[in-house]
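Asks: Okay, handing you the structure first.
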Amino acid sequence: MNEHFDPVNLVSRVDNLTIQRMRPTILRFDSLPSTNTEAARQAMRGASEGLCIVALEQTAGRGRRQRVWASPKAAGLYLSIVLRPRIEINSWPLITLMTSLVVADGLFEAFGFHADIKWPNDLLVSGRKVSGILAETIETDQGRAAIVGIGVNLNANTLPEELRDVATSIEEVTGHAPDAEELLRLLLLSFSRRYNALHQASGPEEMLKEWTTCSSYSEGTRVRVSLDDEIVEGVTRGLASDGALRVETDTGEIRLVRAGDITAVRGAQGATPLQ
Ligand code: BT5
């Protein structure tokens with residue numbers, strides 16, 4: 001389908017949205033290497049904000065730092081949205097945090113469970129990853145664009161063996177095979193609402209506040225942070241205004257983490273050393 005697609009037949013409007021800025025338009029594919037790569041290609045060709053690429057499978061699904069996102073056929077929802085944000089460039093990292101709220105909204109509204117958010121891009125249930133987000137930027141003739149990719153695991157027993165301990169799916173959590181179309185609809189609704197709100201004057205501040213209440217990692221959690229060239233350990237102390245995670249090390253220094261992987265240090269949360 002992806003090689004000879006007919007945009008006229010494949011484009012469907014999400015009609016019942018009352019959106020000021022972002023009007024999602026969905027382009028569907030049976031198979032793609034990566035929906036992020038296809039969305040970036042479309043952005044380079046001038047795609048408007050709100051173009052949403054959805055694929056039933058990805059043959060080269062990507063995580064951060066060129067890691068693999070396992071994307072077996074019809075086992076997950078794989079989508080990417082083209083954005084042309086009008087917020088300050090140093091606030092663009094907030095788009096990843098906002099998207100994690102969007103996914104948490106969608107999971108709750110569609111299936112009634114709360115997922116925890118692990119900074120910056122993981123949605124976890126009982127410590128296992130049900131969804132991941134990949135936000136990238138790209139220079140186009142129309143200016144810099146952002147591509148936001150979302151992967152959500154739908155069905156149980158479809159993930160590779162090596163991910164069984166770290167990953168979960170909606171079916172595993174709820175006991176029922178989920179309706180992917182309903183989830184997609186709710187995700188796009190929430191995305192539009194939150195993205196519009198992010199463009200309001202107090203939007204970034206309010207979003208950060210809400211993120212803090214939705215993530216068990218935001219405050220007082222002992223974490224190990226893997227950076228490119230070092231490992232930092234400390235206790236989380238909320239978010240900076242650009243979305244960086246504030247981590248207080250054992251010497252009392254506050255480190256601002258802008259890129260890296262966070263692991264909770266088990267057994268240490270809230271612990272006070274004996275005198
Ligand atoms: C992410 O990266 O979590 C970002 C995932 C984004 C995927 C979407 S799907 C649609 C769009 N198109 C793409 O090509 N990508 C986006 P990161 O934080 O780096 O986590 C990657 C790690 O998660 C891997 O190294 C594995 O350990 C684990 N992982 C891989 N596939 C998984 C899956 N399906 N479910 C849970 N964990 C997975």
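Asks: If I filter the range 66-77 for residues that are surrounded by 22 or more Cβ atoms within 10 Å (Cβ to Cβ) and part of a loop (DSSP other than H, G, I, E, B), do I get at least one hit?
Replies: Yes, because at least one residue in the range 66-77 is surrounded by 22 or more Cβ atoms within 10 Å (Cβ to Cβ) and part of a loop (DSSP other than H, G, I, E, B).
Asks: Of all residues in the range 193-210 being aliphatic (A, V, I, L, M) and surrounded by 15 or more Cβ atoms within 10 Å (Cβ to Cβ), which is farthest from the ligand (Cβ to nearest atom)?
Replies: ALA197
Asks: Scanning the range 142-192 for residues that are free of Cβ contacts under 8 Å to residues at least 40 places away in the same chain and in contact with an Asp or Glu (Cβ under 8 Å, 6 or more places away or on another chain), which turns out farthest from the ligand (Cβ to nearest atom)?
Replies: Of everything passing the filter in the range 142-192, ALA177 is farthest from the ligand (Cβ to nearest atom).
Asks: In the range 64-91, how many are within 22 Å of LEU188 (Cβ to Cβ), under 16 Å from the mean Cα position of the chain (by Cα) and near the ligand (Cβ under 9 Å from one of its atoms)?
Replies: Total meeting the criteria: 7.
Asks: Then there is this: Only one of (1) closer than 25 Å to SER218 by Cβ; (2) surrounded by fewer than 16 Cβ atoms within 10 Å (Cβ to Cβ) fails for LEU163. Which number is that?
Replies: (1)
Asks: Return the total of residues in the range 47-63 being out of contact with any strand residue (DSSP E or B) (no Cβ under 7 Å at 6 or more places or on another chain) and away from the ligand (no atom under 12 Å from the Cβ). I'd like the intermediate steps shown before the answer.
Replies: Of all residues in the range 47-63, those out of contact with any strand residue (DSSP E or B) (no Cβ under 7 Å at 6 or more places or on another chain) come to 48, 60.
Next, only the ones that are away from the ligand (no atom under 12 Å from the Cβ) stay: 48.
The qualifying residues number 1.
Asks: Now for a different question. Go through the range 250-260 and report how many residues are modelled with pLDDT of 90 or more and either crowded, with 16+ Cβ neighbours inside 10 Å or not in a loop (DSSP other than H, G, I, E, B) (or both).
Replies: Residues flagged as modelled with pLDDT of 90 or more and either crowded, with 16+ Cβ neighbours inside 10 Å or not in a loop (DSSP other than H, G, I, E, B) (or both) within the range 250-260 amount to 4.
Asks: Can you report the number of residues in the range 47-85 which are free of Cβ contacts under 8 Å to residues at least 60 places away in the same chain, among the hydroxyl-bearing types (Ser, Thr, Tyr) and touching a Leu at 6+ places or on another chain (Cβ under 9 Å)?
Replies: Within the range 47-85, residues that are free of Cβ contacts under 8 Å to residues at least 60 places away in the same chain, among the hydroxyl-bearing types (Ser, Thr, Tyr) and touching a Leu at 6+ places or on another chain (Cβ under 9 Å) number 1.
Asks: Can you tell me which condition PHE113 does not meet? The list is (1) assigned to a loop (DSSP other than H, G, I, E, B); (2) at pLDDT 95 or above; (3) near the ligand (Cβ under 9 Å from one of its atoms), and all the others hold.
Replies: Result: PHE113 fails condition (3) only.
Asks: Hey, among LEU107, LEU124, which residue is in contact with a Ser or Thr (Cβ under 9 Å, 6 or more places away or on another chain) and touching a residue at least 60 places away in the same chain (Cβ under 8 Å)?
Replies: Only one candidate passes the filter, namely LEU107.
Asks: In the range 18-32, what residues are surrounded by 16 or more Cβ atoms within 10 Å (Cβ to Cβ) and either in a helix (DSSP H, G or I) or at pLDDT 95 or above (or both)?
Replies: ILE26, LEU27, ARG28, PHE29, LEU32 - these are the residues of the range 18-32 that are surrounded by 16 or more Cβ atoms within 10 Å (Cβ to Cβ) and either in a helix (DSSP H, G or I) or at pLDDT 95 or above (or both).
Asks: On to the next question. Does ARG128 satisfy the criteria of being of a type in the set (Lys, Arg) and more than 15 Å from the ligand (Cβ to nearest atom)? Spell out how you get there, then give the answer.
Replies: Working: of a type in the set (Lys, Arg): yes; more than 15 Å from the ligand (Cβ to nearest atom): no.
For ARG128, the condition - of a type in the set (Lys, Arg) and more than 15 Å from the ligand (Cβ to nearest atom) - is not met.
Asks: Which one is modelled with the lowest pLDDT among residues in the range 53-65 that are outside any loop (DSSP other than H, G, I, E, B) and under 21 Å from GLN42 (Cα atoms)?
Replies: Checking each candidate, the answer is ARG64.
The values are calculated or read from the model by the stated rules, or taken from the named source; none is laboratory data. Small disclaimer: the values here were computed from a predicted structure and weren't measured. As a convention, Cβ positions derive from the backbone with ideal geometry for all residues, glycine included, and neighbour counts pool all protein chains shown.
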